[in-house]
Amino acid sequence: MPRFKLSEVYVWLVAAVGLGLLAFTTVVQAPQYLHAGNEYLLIDGAVLLALAVLSSVSPMETRHGTLLSVGLAPLFGALMLMPPWAVMWIATLGTIDERVPGRRVPWNRFMFSRGMFVLAYGIPSLILSALAPKPLQLEWYILLALAVGVIVALNVGLLSLGLSLVQGSSLLRTARTAVAGSWLTYIALPIIGYLIYVILHSEIVANKLAVFLLYGPLLVYRTSLQKQNRLDRWLRDSFIMQSRVVDKRDGQTFGHSQRVGELCETVARMMHLGEDTCNTFRVAGILHDLGKIAIPDSILLKPGKLTPEEYEIIKTHPVEGAQILAEHPEQKDVSEIVMHHHERWDGAGYPDGLRAEEIPLGSRIVNACDAFDTITQARVFRPTVKTPAEAIRELRQLAGTWYDPAVITALEKIVSDRWSVDIPAATLPPAMPKYSDVLRIQSFRRLWLGQGVSYFGDMMNTTGLAIMLFVLTRSASVVALGLIAKAVPTVAFGLIAGPIVDRFNRQRVMILADIVRALLTVTIPFLAVNWLPGVFIGVALVATASTFFNPAKQALIPNLVPPKLLVKANGLVVSSERAMELLGYSLAGIIAGAISWAPLFLIDAATYLFSAVTLLGVPDLLRSAAGRQLRIMQDIVEGGRFVLRSPILRSTMSLTAMGAFFGGLTVPTLIVLAYGPLKAGPSGYGLLEAVIGGGAIVGAMAAPQLIRSFKAGLLILAGVGGVGLFYALTGLSGSLAFAITFLFCCGIASTVYLIPLISLTQRDSPDYVRGRVMSTRFLIAQGGLLGGMAVAGPLNDRLGAPLVFVTAGTLLVCAALVGLAFKNLRTASLSEEPAPPALKATG
C-alpha cells in the first residue's frame, strides 16, 4: 500500500477508534451518572470545559513544527475529578481551537485530533477508574504520575506515528522532535491541574468559580513559552545572519552556508544522531566558513588559480573561524567541528592532518556537505555546475580517501530521496554498531562465553556457601562471616592487584587465577566436613584470586574491541552476568534441595576450568611477561596519582564510593523489608531479587542506545539518581506489586549507570595503568558496599526497613545532584572522536 494511502487510513482509523470509544463509554456510563442526580457533575464539567477551551486557543507552533498548548492542565484536573465518559467529552470539545475545519485545518486532521485526544485522556481515565485508588493516598499519587506518562506517551506516540507515515521519516526521530524542548511542560502543567482538582473538589459553587483565577498562571506560562519559542527561533536564525557576513562578500556563494547547515542537519538525522548533536552540526555547517572574514578580498575573490602562498593563506580560515567560536564556551563543540572541516579521511587534509575517525564526526559531515553544495552551485572558478546525481557520484568516488564512507552513504540516501536520483548501491548505514559486530571478534567472543559460564558458577558458589554454612552450624552469624570472607580480599589486596595486572600478561594472570580458583573450590566441601575454619581460608583465597582476575578482565576488554564497540562489549558482559545471576541462583536452590550443597562447588570449579580453556584464545597482544620489573609501592603511587590527576576519574571514583555505600544500605535491608512491611516471605524476597536482575538486563541492553543519544556523564548521574528515586519509592510503598515495579526500574537504572561508568573509566585509562585504575574502582566499590552493609544493621534497628530504603534513596539522589555541579562529569562523553589537541591551542 502506498505511504500516503496508509497515512490516510491511519488518520481515519485513530479518529474512528477514539470517537467510537467516546460513544461506547458515554452510552454505558453516562445514564447512571446523570440519573444519580449529581448536580456538581455538570457544573464541574462546564468549568473544566471552559478552562480547556481557553487553554487550547491560539496554540503556538514550536520550531520543530508541532503545536503546543497549555490544555494539559485542565484536562489533567478533569482526569482526577470526572468519570471517564466526561473526561473524553472535555478532551474532545475542549481541545478545539480557533482554526475552522475545512478552511484553516483539513477535516481529516481535525477528526484525527479529536480521536487522539479521546484516546490520550480516555485510556488513563479508564485505568484509574478500574483501579479506584483512594484519593490523597500514596498509591493515588503514584498512579497519577504514571497517568501523566501514559498521556504523554499516547499523545506523542499517536501523533508521531501519523507524521512518520506522512513524511516517511523515522518514528523514533519524529517522537524525539515532538517532545524536544517540551519536557518542562509535562511537569508544570499537571501541577496546575492538581490545583484545579483541589479547588473544584469543594462543594461550594462560589469556590468552584475561583478556579478561573488559575487561568492567569496558565496565560503567563503560555506567554513565557511563546517568548522562549521566539527567542529560540531568533537564535537559530542569528547563525544564518552571521553566515551572511561572509556570503555577502562573495555574491557567488550567497546562501551557501545556510544550505550546508541544513544539509548537515539532515545527514545527522539520517545517521540517527541525537537532537542536540543534529543542532550542533547544523550550526557548524552554517558557520564553517566564518574564518574567511579574515582572508583578504584579493585572495578570496580571485577569479584565477591561487598561488601556493595564497592557498596557504586560504587554508588558515578553519583555524581563524575556530578561534572566533572558541571565545564563547557554548560554541566549543562547534569550534572543534569548524577547526577540522577540511581534514581528509586519508589524513592528507588540513590543518592537522587528522585521519579517519580521529576527525570529529561533525567535521566529516560538514566536509562532505560543503563539497556537495559547492559542486552543485556556480562559482567564479567553476562557472559550470553539476547535477545532484553527478555530484553524488563524484563524491562517491572519493569516499575512503577524501570523505567518510558512512557520511557519503547517508548523503546518497538524501540525494536519492530529495532529487529522485537512482543510486542502486546506496544503503543507509546502520544506526549504531550491532551486538553481532562485537561477537564476530573471536577473542572477545571467547572471553564473553567463558565469563558468562564462570559467573554462573559464581552464583552456585555463593548460594552453596550460604546453604552449607547454615546447614552445618544453624548460625546466621557464621553465614555472614563466610560472605564477608568473600568480600574482604578485594579491600585487602585491591591495590596490589593493580600493578600485577599492569606489569604482567593479563591473559596469563587470568588463566592462573582460574586454575587456582578451581583447585581451591574443589577443597571447600572436604574442608566443610573435616575442618570448618579451613572453609573461610579457602573462600578468602578464592576471593583473592578473583581480586586479580576481575581488573585484568576489564583492563583487557578495550584491547579486544575497537573503541566504537566498547560500550556494546560492556553491555554484553553486564547483561550476560545478570542473566547468569538469575539462572545460577534459581538452579542452585533446585540442586541443593534435590541433591545436596556439595555439587554446587564442583560445578563452580568446572566453570573456572572452562573459563581457563576459553582464555587460551584470548591473547593479550599489548603485554609480555618477559622483562617486567614489579615495583609494588611505586606502581601503586603512580596509579593513585594518575587517578587524582584525571578530573573525570576523580569524579567517577567519588561517585562510585557514594553509590556503593548508600546502595549497600539496602542489600541486607531488602530481606527485612520483604519479611516485614511487605509480608512477602521467602518467595517474595526471591522475586524481588529476581526483578532487580531482570531490570538490570533490560538496562544493559538499552544503555548503548542511550549513550548514542546522551552524554555518558549525564547517563551516569541519571542512573544514580534513578536508583535513588526508586529505592525511596520502594520504601514508601506498602504494596508488593509497587515494590516489584520500583525495583525493576531500579535494576534498569543501575546498569544505565554502570555501563557508561565502566566504559568511561576504561576509555580514560591508558593501557599501561588501566589495571591499577580498574582495581582501584573495585576496591572503592567493595569497600563502600561493605561499609553500607555494616551500617545497615543498626539503622534497621532504629529506623525500620522502609525508612532505611527512603534514606538510602534520598542520599543517592543527593549524590547525583552534587555530581551535576561538576562540569567535567556532567559533560563527559563517550564519543569515539577524541578532543583534537590543536584546538586547545586556539582556545
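The values are calculated or read from the model by the stated rules, or taken from the named source; none is laboratory data. Keep in mind it's a predicted model, so treat the numbers as computed, not measured. Note that we place each Cβ from the backbone using ideal geometry, even for glycine, and neighbour counts take in every protein chain shown. Side chains are part of the model used for accessible areas, which takes the heavy atoms of the whole protein and leaves out ligands, DNA and RNA. Shrake-Rupley method; radii C 1.70, N 1.55, O 1.52, S 1.80 Å.
Calculate, for Val17 and Leu54, the FRET efficiency according to 1/(1 + (r/R0)^6) with r their C-beta to C-beta distance and R0 45 Å; round to the nearest 0.05. Spell out each step's value before the answer.
Values: r = 28 Å, r/R0 = 0.62.
That pair, Val17 with Leu54, gives E of 0.95.
Once the piece of chain linking Asp276 and Leu583 is laid out straight, how much longer is it, given 0.36 nm per residue of separation minus the C-alpha distance between them?
Numbers: separation 307, 0.36 × 307 = 110.52 nm, distance 4.02 nm.
Taking 0.36 nm per residue and subtracting the Cα distance, the gain is 106.5 nm.
Report the residues of the stretch 504-546 in range of a label on Ser596: point 7 Å along Cα→C-beta, backbone N strictly under 19 Å from it.
Answer for the stretch 504-546: 520-536.
Mind listing which chymotrypsin sites (Phe, Trp or Tyr not before Pro) in the stretch 486-560 are in a DSSP loop and have 14 or fewer other Cβ atoms within 10 Å? Before the final figure, lay out the partial values.
Working: sites: Phe493, Phe504, Phe526, Trp531, Phe536, Phe548, Phe549; in loops: Phe504, Trp531.
In loop regions of the stretch 486-560 (DSSP not H, G, I, E or B), the sparsely surrounded chymotrypsin sites (Phe, Trp or Tyr not before Pro) are Trp531.
Grab the other residues whose beta carbon is less than 10 angstrom from that of Pro551, score K and R as +1, D and E as -1, and report the net. All intermediate terms of the calculation are to be shown ahead of the outcome.
Values: positive: Arg506, Lys553, Arg770, Arg772, Arg777; negative: Asp502.
Here the count lands on +4.
Using a Förster distance of 25 angstrom, determine the FRET efficiency expected from the C-beta separation of Tyr194 and Ala153, and round it to 0.05. Let's see the in-between values first.
Values: r = 20 Å, r/R0 = 0.79.
Efficiency computed from Cβ-Cβ geometry: 0.80.
So how far apart, in nm, are the two label points at Ala356 and Val385 if each is 7 Å from Cα heading toward Cβ?
Label-label distance for Ala356 and Val385, simple model: 3.8 nm.
Given Lys553/Lys679; Lys413/Lys553; Lys434/Lys553; Lys568/Lys823; Lys553/Lys711; Lys486/Lys553, which pairs have Cα atoms separated by over 30 Å? Display every interim value, and only then the final one.
Details: Lys553/Lys679 41 Å; Lys413/Lys553 41 Å; Lys434/Lys553 22 Å; Lys568/Lys823 26 Å; Lys553/Lys711 25 Å; Lys486/Lys553 19 Å.
The answer is Lys553/Lys679; Lys413/Lys553.
Arrange the residues Tyr311, Tyr403 by how much accessible surface each exposes, largest first, with a 1.4 angstrom probe. Provide the component values of the computation, followed by the final result.
Details: Tyr311 105, Tyr403 20 Å².
Order by accessible area, largest first: Tyr311, Tyr403.
Can you list the HN-Hα couplings for the stretch 788-796, worked out from phi with the Karplus curve (6.51, -1.76, 1.60; θ = phi - 60°), rounded to whole Hz and with x for Gly and Pro?
x, 5, 5, 6, 4, x, x, 5, 4
Report the calculated FRET efficiency for Asn530 and Leu138 (r = Cβ-Cβ distance, R0 = 60 Å), to the nearest 0.05.
On the way: r = 54 Å, r/R0 = 0.90.
Between Asn530 and Leu138 the formula returns 0.65.
Given a 1.4 Å probe and the protein chains all in place, what does the accessible area of Met111 round to, in Å² to the nearest 10?
50 Å²
Using a 7 Å offset from the Cα along the Cα-to-Cβ direction at both Gln705 and Ala348, what is the distance between the two label points in nm, to one decimal?
Label-label distance for Gln705 and Ala348, simple model: 4.1 nm.
Scan the stretch 66-125 for trypsin sites (Lys or Arg not before Pro) in coil per DSSP, keeping those whose Cβ has at most 12 other Cβ atoms within 10 Å, and list them by number.
Numbers: sites: Arg99, Arg103, Arg104, Arg109, Arg114; in loops: Arg99, Arg103, Arg104.
Sparse-neighbourhood loop trypsin sites (Lys or Arg not before Pro): Arg103, Arg104.
Leaving out ligands and nucleic acids, and using a 1.4 Å probe, what accessible area per residue does the stretch 666-749 come to in Å²? Please list the in-between numbers first.
Working: 3070 Å² over 84 residues.
Per-residue accessible area for the stretch 666-749 comes out at 37 Å².
Mind checking the stretch 437-535 for trypsin sites (Lys or Arg not before Pro) that DSSP puts in a loop (not H, G, I, E or B) and that have at most 12 other Cβ atoms within 10 Å?
Numbers: sites: Arg440, Arg445, Arg446, Arg474, Lys486, Arg503, Arg506, Arg508, Arg517; in loops: Arg440, Arg474.
Answer by residue number: Arg440, Arg474.
Return the long-range amide H neighbours of Gly349 (sequence gap of 5 or more, or a different chain), with a cut-off of under 5 Å between placed amide H atoms.
Arg344
For the pair Lys315 and Arg99, how long in nm is the line joining their label points, each one 7 Å along Cα→Cβ?
The two pseudo-label positions are separated by 5.4 nm.
Ignoring any ligand, DNA or RNA, what whole percent of the accessible area of the stretch 723-826 comes from carbon and sulfur when the probe is 1.4 angstrom? Walk me through the intermediate numbers first.
Working: 2830 of 3810 Å².
Solvent-exposed carbon and sulfur of the stretch 723-826 make up 74 percent of the total.
From the protein chains alone at 1.4 Å, what is the descending order of accessible area for Asp502, Asp437, largest first?
On the way: Asp502 5, Asp437 50 Å².
So, going from the largest accessible area down, we get Asp437, Asp502.
Around Trp89, under 14 Å between beta carbons, what's the net of Lys plus Arg minus Asp minus Glu among the other residues? Intermediate values should be presented prior to the final figure.
On the way: positive: Arg114; negative: Asp44.
Taking every other residue near Trp89 into account, the sum is 0.
Ordered by residue, what ³J(HN,Hα) values in Hz, to whole numbers, does the stretch 671-679 give under the Karplus form 6.51 cos²θ - 1.76 cosθ + 1.60, where θ = phi - 60° and Gly and Pro are x?
Running phi through 6.51 cos²θ - 1.76 cosθ + 1.60 with θ = phi - 60° gives 5, 5, 5, 5, 6, x, x, 7, 6 Hz.
Quick one: which of 796-804, 280-288, 717-725 comes out on top by average Cβ neighbours within 10 Å, and what's the full order, highest first?
Values: 796-804: 17.1, 280-288: 28.2, 717-725: 24.3.
Top of the packing list down: 280-288, 717-725, 796-804.
From the phi angles alone, apply the Karplus equation (6.51, -1.76, 1.60; θ = phi - 60°) to the stretch 635-640 and give each ³J(HN,Hα) in whole Hz, x where the residue is Gly or Pro.
5, 4, 5, 4, x, x
Counting heavy atoms of the protein chains only and a 1.4 Å probe, report the per residue accessible area for the stretch 435-587 as a whole number of Å². Walk me through the intermediate numbers first.
Values: 5950 Å² over 153 residues.
Spelled out: the 1.4 Å probe surface of the stretch 435-587, per residue, equals 39 Å².
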